[in-house]
Amino acid sequence: MPRFLIQPGQIEGGWVTLKGDAFRHATRVLRLTVGDRIIVFHDSGEYEAIIDHVTARSLSARVLAERPLLRAPPVAVTLVQSVIKADGMDWIIEKCSEVGAEALVPVTTRHSVVALNAARAAQRCARWERIAAAAAQQCGRHRPMAILPLVSLEQAISEIGADLLLVPHEAELERSIARALRKHREVASVAVAIGPEGGFAPEEIDLLQSAGGVLVSLGPRTLRSETAAVVAAAIVLYELGGLDPAV
């Protein structure tokens, strides 16, 4: 059944109303109509509903039953992602949302090829939030991956507060993510710092390591930034039980 992200206040007296983008997607893209069943969800509840009536600008559905929520992964993975070209960032957000990452912090780095002023950064973050919401609807998670404001790498490191910081880097030839996690099986949160197309500058690697960052390898092949983000997030979640069937 199609899933729609809502706010808790949209359910009143056993009814839910969809307007705006959700309504247009339901009626114009999915061609849903009276009698069709949908799933609506927010960060603390998920419900099955049946469409009762449709107007020119909204649809109302009667809630039939509450559904069990998909359990969140046992570890919260945050990507500290250097901003790359628009389509690459869109792909990272969509796929890391599907994998189960908790949050993404976009950061500026020395080799970033994309420069965003405050206005453009706000627009991009709003776009990325919409992509994360759409990915949540598609993949079954009940809370979209959080998109934090664009900051410098230094600020992100000082504010991230994760139990462990991993830094995939081509200079690391021996320590895999799995090996790095052997001594950290009980961590509740892991941050993964992903460089831009040109990689992190040497002084940025020094900064990350001085903050406790552990250099890790993603294998013998050179990965694009967007590929590295998804691979790293997936490995961390897999190693710490976030991809177990019950999750």
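Every number in this text was worked out from the coordinates using simple rules, so none of it is lab data. These figures come from a predicted structure and were not determined experimentally. Reconstructed Cβ throughout: ideal geometry from the backbone, glycine too, with neighbour counts over all protein chains shown.
Miscellaneous remarks
- Here the chain is treated as a sphere whose radius is the Kirkwood value from Cα pairs; by Stokes-Einstein at 20 °C and 1.002 mPa s it diffuses with a coefficient of 111 µm²/s.
- Degrees between helix 86-99 axis and first principal axis of the chain (Cα, 0 to 90, nearest 10): 70 degrees
- Neighbourhood net charge (12 Å Cβ-Cβ; Lys/Arg +1, Asp/Glu -1) for residue 167: -3
- With at most 15 neighbouring Cβ atoms within 10 Å, loop trypsin sites (Lys or Arg not before Pro) (DSSP) excluded, longest segment of the chain: 111-174
- Largest mean-square fluctuation among 14, 100, 195, in a Gaussian network model of the chain whose springs join Cα atoms under 10 Å apart, belongs to 14.
- The ranking of 176, 210 from fewest to most other beta carbons within 10 Å of each one's beta carbon is 210, 176.
- Percentage relative contact order, the range 3-67, counting C-alpha pairs under 8 Å, at least six apart: 35 percent
- Summarising the strand pairing of the chain, around 45 percent of its internal DSSP beta bridges are antiparallel.
- Its relative contact order, with pairs defined as Cα atoms under 8 Å and 6+ residues apart, puts the chain at 22 percent.
- Charge context of residue 73, other residues only, Cβ under 11 angstrom, K/R +1, D/E -1: 0
- Exposure proxy order (Cβ contacts within 10 Å, fewest to most) of 16, 63, 29: 29, 63, 16
- In percent, rounded to a whole number, the relative contact order of the range 1-132 is 19, using alpha-carbon pairs under 8 Å and six or more apart.
- Total formal charge among the other residues, if their Cβ is under 14 angstrom from that of residue 143, Lys/Arg +1 and Asp/Glu -1: -2
- With θ taken as phi - 60° and the Karplus curve 6.51 cos²θ - 1.76 cosθ + 1.60 applied, the whole-hertz 3J(HN,Hα) list for the range 69-84 is 7, 5, 5, 5, x, x, 10, 8, 9, 10, 8, 9, 9, 4, 5, 10 Hz, x standing for glycine and proline.
- On Cα atoms only, tilt of 118-139 relative to the major axis of the chain in degrees: 60 degrees
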